[in-house]
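Data first, discussion second: the structure below is written as structure tokens.
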Amino acid sequence: MGENPLVENGQVVTMDYTLHVDGEILDSSEGHEPLEFLQGTGNIIPGLERELYGMTIGESKKVTVVPVEGYGKLDPNAFVNVPRSQFPENIPMEVGTEIQVNDPQGHEMMARIDQVETDSVRLNFNHPLAGKDLHFDVKIVGLRAPTDEELEHGHAHGAHNHE
Ligand code: ZN
């Protein structure tokens with residue numbers, strides 16, 4: 001690495017970030033450890049990763065990521081009406097409640113209650129951030145070469161134990 005490393009593929013990037021959606025702060029590294037990831041491997045959403053190339057340590061940037069490069073467009077086919085009688089009684093029938101659903105193959109899927117009618121409940125299987133513009137404030141705070149193990153795994157390990 002040179003004297004003044006830039007963000008490029010195969011580098012471990014350490015980054016402070018704040019995510020605003022619909023004018024609210026949804027997520028931030030402030031008060032936590034910064035995010036660490038291996039650039040160029042899709043560890044972070046594509047629309048954000050692309051904007052980081054060429055940045056250097058200490059540099060800040062505002063990045064807006066549109067849905068197709070973030071968590072996808074809102075899929076109208078991902079709303080499903082389910083008879084209310086199929087829900088266990090301990091699940092609160094309130095808009096926004098997250099529930100886990102098994103598909104016919106037994107895969108676990110997360111859904112949110114989108115609408116409650118007398119006899120049926122509409123579930124939304126879209127990602128909570130689908131259809132949203134994501135506004136990031138980012139600051140590069142570190143750049144380093146990956147370890148052989150990180151390269152092999154395709155992600156940064158950082159100070160944390162391997163999951
Ligand atoms: Zn690993």
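Backbone N atoms of the stretch 113-133 closer than 12 Å to the 7 Å Cα→Cβ label point of Gln100 are not found in any residue. Taking all Cα pairs closer than 8 Å and separated by 6 or more residues, the relative contact order of the chain comes to 34 percent.
In the chain, helical runs assigned H by DSSP with n ≥ 4 each contribute -39500 (n - 2.57); averaged across all residues and rounded to the nearest 500, the mean residue ellipticity at 222 nm is -2000 deg cm²/dmol.
Bridging of Lys73 to lysines at a Cα separation below 22 Å is possible for Lys62, Lys132, once same-chain residues fewer than 8 apart are set aside. Under a model in which nothing but the beta-carbon of Lys, Arg (+1) and Asp, Glu (-1) is charged, the chain shows a dipole of about 400 debye around its Cα centre. As a calculated quantity, the FRET efficiency between Leu6 and Thr147 at R0 = 22 Å, using C-beta atoms, amounts to about 0.65. Each peptide in 88-95, 57-64 gets a packing score, the mean of other Cβ atoms within 10 Å over its residues, and the list from highest to lowest is 57-64, 88-95. Students often forget the sequence filter, so: which aspartates and glutamates lie under 17 Å Cα-Cα from Lys139 once same-chain residues fewer than 8 apart are removed? Once the sequence-local aspartates and glutamates are set aside, what remains near Lys139 is Glu8, Asp16, Asp27, Glu30, Glu33, Glu36, Glu49, Glu51, Glu59. Among 70-80, 137-147, sorting by the average number of other beta carbon atoms lying within 10 angstrom of each residue, highest first, gives 137-147, 70-80.
With the alpha-carbon atoms of the chain aligned to their principal axes, the span from lowest to highest coordinate is 66, 34, 29 Å, starting with the largest. Note on the stretch 86-137 and the stretch 1-46: Cα centroid distance 29 Å, given to the nearest whole angstrom.
Since every read-out is calculated from the coordinates, none of them should be taken as a lab result. Please read all numbers here as calculations on a predicted model, not as lab measurements. Reconstructed Cβ throughout: ideal geometry from the backbone, glycine too, with neighbour counts over all protein chains shown.
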